[in-house]
Amino acid sequence: MLYPQPMTRLIHELSKLPGVGPRTAQRLAFHVLTLSDEEVGKLAEALLEAKHKIGFCTICGQLTETSPCATCRDPGRDQTLLCVVEEPKDVIAMEKTRIFKGLYHVLGGAISPLEGIGPEELRLKELLDRLRTGSFEELIIATDPNIEGEATALYLSKILHPLGLRITRLARGLPVGGDLEYIDEITLSKAFEGRTDL
């Protein structure tokens, strides 16, 4: 059975979201149809507000309403520590631990030749500029413990060693193939405390 065109379009648009396949998109579309006009309006407003008001920090690359972000503007943060993560969601995971008090740099992804993502697609130039002009003493590489994250960590280690910084990687207590966003605070805290030199 074919759906009416507006329903087909809604399912198609919802299926573009990451992790949402055709069946989940279909379920979400049917749920949207059960909502009141007011609830659908609030959902649409929230989507548009997020899209128009949230951007990326011009310094670190994390999500923010104002740039530079609150973390980069905070004089209480340790200006000698820089933690490199793949995505803005990883900054949130780190902040939940309340362990790390330094600054962040979001790469915007990880090296993945199969997906056509090389070093030039990442925010590496911005990272190098920050390291050359800042007063950083230690760079903590906190990429995901999967193949892409490991490749990115090795690449960073190789290009950054000449700068004379201490370069560390989170300890291997993190599960291989996992994403930082889904790791509990205790495991992430222990991994932070047990980081090692590369």
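Here are a few things to note about the model shown:
- Exactly one residue out of 140, 186 is at pLDDT 90 or above and outside any loop (DSSP other than H, G, I, E, B), and it is 140.
- For the stretch 32-72, residues that are loosely packed, with under 10 Cβ neighbours inside 10 Å and either farther than 30 Å from residue 126 by Cβ or basic (Lys, Arg) (or both) total 5.
- Considering only residues in the stretch 50-75 that are aliphatic (A, V, I, L, M) and either not assigned by TED's automatic domain parsing to the domain that holds residue 92 or not in a strand (DSSP E or B) (or both), the one that is farthest from residue 105 (Cα to Cα) turns out to be 50.
- Of all residues in the stretch 1-30, those that are touching a residue at least 24 places away in the same chain (Cβ under 8 Å) have Cβ atoms under 8 Å from Cβ atoms of residues that are small (Gly, Ala, Ser) and part of a helix (DSSP H, G or I), 6 or more apart or on another chain, in 7/29.
- Members of the stretch 30-73 that are of a type in the set (Phe, Trp, Tyr) and more than 30 Å from residue 102 (Cβ to Cβ): 30
- Residues of the stretch 116-153 that turn out to be more than 16 Å from the chain's Cα centre (by Cα) and hydroxyl-bearing (Ser, Thr, Tyr), as a count: 2
- Checked against (1) modelled with pLDDT of 90 or more; (2) within 19 Å of residue 86 (Cβ to Cβ); (3) not acidic (Asp, Glu), residue 166 meets all criteria but (2).
- Positions within the stretch 169-183 being within 18 Å of the chain's Cα centre (by Cα) and either closer than 18 Å to residue 82 by Cα or outside any helix (DSSP H, G or I) (or both), in sequence order: 169, 170, 174, 175, 176, 177, 178, 179, 180, 183
The values are calculated or read from the model by the stated rules, or taken from the named source; none is laboratory data. As the structure is a computational prediction, the values presented were derived from the model and not from experiment. Here the Cβ is made from the backbone with ideal geometry for all residues, glycine too, and neighbour counts use every protein chain on show.
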